[in-house]
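Have a look at the structure below, then the notes.
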Amino acid sequence: MNWLTDQKIPLGKWIKSFADFLLDHGAWFFDYWSEILKSLIEGVASLLLAVPSLAMVAALAGLAFWLHRSWKLVIAAVLLLLLVINLGYWETTVQTLTLILFSTVICIAFGVPVGIAAAHRPWLYNAIRPVLDLMQTIPTFVYLIPTMIMFGLGVVPGLISTVIFAIPAPIRLTHLGVSGVPRPLVEAAEAFGATRRQVLWKVELPHALPTIMAGVTQCIMLSLSMVVIAAMVGAPGLGVPVLRALNTVNIAKGFEAGLAIVIVAFLLDRMCKPRGGGARRS
């Protein structure tokens, strides 16, 4: 089998040459967007941290009640967030929430339109499906390297890596929801003279909304699962104390930081779910 290994395809060299080409000719582009994204993320995080922690807890509790009208969820949110403050992880928690907010907004802004287009054009979904499979299955450390080289250390490569990892979820579930709209429903709307845009906004999207929201929730959870990975390239947040605890074998610190991540995941999952668990449709 030496003849096979002797004729190795220089795939890695090709990828490196492509990355070098991007850096040689597009460094200004990456630096420009890196500064913009860094300023936006750090600005939002600073703005949230300027609000007193107890006022922020009250605001989040009010948001939870407005979304679900559940006093149990409100009490749980208040107690868990007070526990985070007591453990000393409020600042890193806010930084993590900011990173999740930006990654989710970017994923929705790009993922939902792509999912809608793929639902209307089967050839497009067949073309992007291998790419989506690759984005979800390739180890995160693999694309963490080029993002770090292009955007440097800090929150921006963490954000880009998180978006790459999380964006397939809203694309797939938006495609599933829109393509799953019953054909007789669409034909009835067209029979009454509805345009394609009216069919999309008044029939397809309302019917597919629970599935799309499931994609948004999954996107948030996937973004949260990247906080430790993003910390490896300098992104602030709850991943930093976890990494420090891992490097120093500090069980107490690792457990506390991990518990803070679990609390954030629990609250985001409960608050982002539709009222009644999405079982009912209007």
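Return one quarter of the surface area of the convex hull spanned by the alpha-carbon atoms of region 134-247, equal to its mean projected area, in nm².
Computed as one quarter of the Cα hull surface, the answer is 8.8 nm².
If r is the Cβ-Cβ distance from residue 124 to residue 202 and R0 is 35 Å, what FRET efficiency results, to the nearest 0.05?
Working: r = 23 Å, r/R0 = 0.66.
Taking R0 as 35 Å, the efficiency between residue 124 and residue 202 is 0.90.
On the accessible surface of region 62-135, probed at 1.4 Å, how many percent belong to carbon and sulfur atoms? Mind showing how you got there, number by number?
Working: 2910 of 3960 Å².
Reported share for carbon and sulfur atoms: 74 percent.
Filter the cross-link list 16/253; 16/273; 16/38; 72/253; 8/38 down to pairs whose alpha-carbon distance in this structure exceeds 32 Å. Can you show the working numbers first?
Details: 16/253 38 Å; 16/273 42 Å; 16/38 26 Å; 72/253 29 Å; 8/38 40 Å.
Over 32 Å Cα-Cα: 16/253; 16/273; 8/38.
Can you give the helix-only mean residue ellipticity at 222 nm for the chain, where every DSSP H stretch with n ≥ 4 adds -39500 (n - 2.57) and the sum goes over all residues, rounded to the nearest 500 deg cm²/dmol?
Numbers: 15 runs with 231 residues, N = 282.
Result for the chain, helices only: -27000 deg cm²/dmol.
How much of the accessible area of region 165-246, probe 1.4 Å, is carbon plus sulfur, in whole percent? Present the calculation step by step, with values, prior to reporting the outcome.
Details: 2510 of 3790 Å².
C and S atoms contribute 66 percent here.
On the full set of protein chains, 1.4 Å probe, figure out the accessible area of residue 31 and give it in Å² to the nearest 10.
Residue 31 exposes around 90 Å² with every protein chain in place.
What is the gain in length, in nm to one decimal, between residue 117 and residue 39 on full extension, counting 0.36 nm per residue of separation less the C-alpha to C-alpha distance? Don't skip to the end; give the middle numbers.
On the way: separation 78, 0.36 × 78 = 28.08 nm, distance 3.20 nm.
Gain on stretching residue 117 to residue 39: 24.9 nm.
Go ahead and run the numbers for FRET between residue 51 and residue 250, Cβ-Cβ distance against an R0 of 41 Å, rounding to 0.05. Numbers along the way, then the final one.
Working: r = 30 Å, r/R0 = 0.73.
According to the calculation, E is roughly 0.85.
So, R0 is 45 Å and r is the distance between the beta-carbons of residue 87 and residue 15; what FRET efficiency does that work out to, to 0.05? Write out the running numbers ahead of the final one.
Numbers: r = 42 Å, r/R0 = 0.94.
Computed FRET efficiency for residue 87 and residue 15 comes out at 0.60.
Solvent-accessible area per residue for the chain at a 1.4 Å probe radius, Å²?
58
Thinking of region 1-128 as a set of Cα atoms, what percent of all their pairs are more than 26 Å apart? Display every interim value, and only then the final one.
Values: 4558 of 8128 pairs.
More than 26 Å apart: 56 percent of the Cα pairs in region 1-128.
What is the extension gain from residue 133 to residue 78, computed as 0.36 nm multiplied by their sequence separation minus the C-alpha to C-alpha distance, in nm to one decimal? Write out the running numbers ahead of the final one.
Numbers: separation 55, 0.36 × 55 = 19.80 nm, distance 3.87 nm.
Computed gain between residue 133 and residue 78 is 15.9 nm.
Equivalent ellipsoid semi-axes for the chain, as square roots of 5 times the alpha carbon gyration tensor eigenvalues: give them largest first, rounded to whole Å. If you can, show how the numbers build up before the last one.
Details: eigenvalues 215, 206, 57 Å².
Values for the chain, descending: 33, 32, 17 Å.
Looking only at region 24-41, which residues have a backbone nitrogen under 15 Å from a spot 7 Å from the Cα of residue 105 in the C-beta direction?
Flagged as within label range: 36-41.
Please sort 9-17, 124-132 by packing, taking for each peptide the average over its residues of neighbouring beta carbons within 10 angstrom, highest first.
Numbers: 9-17: 9.8, 124-132: 14.0.
The most tightly packed comes first, giving 124-132, 9-17.
Among 133-145, 155-167, 32-44, how do they line up by average Cβ neighbours within 10 Å per residue, starting with the highest? Show your work: numbers first, answer last.
Numbers: 133-145: 13.2, 155-167: 25.6, 32-44: 14.8.
Descending mean neighbour count gives 155-167, 32-44, 133-145.
The values are calculated or read from the model by the stated rules, or taken from the named source; none is laboratory data. Computed from a prediction, not measured in an experiment: that's the story for all the values here. We place every Cβ from the backbone using ideal geometry, glycine too, and count neighbours over all the protein chains shown. With ligands, DNA and RNA removed, areas are computed over all heavy atoms of the protein, side chains included. Shrake-Rupley method; radii C 1.70, N 1.55, O 1.52, S 1.80 Å.
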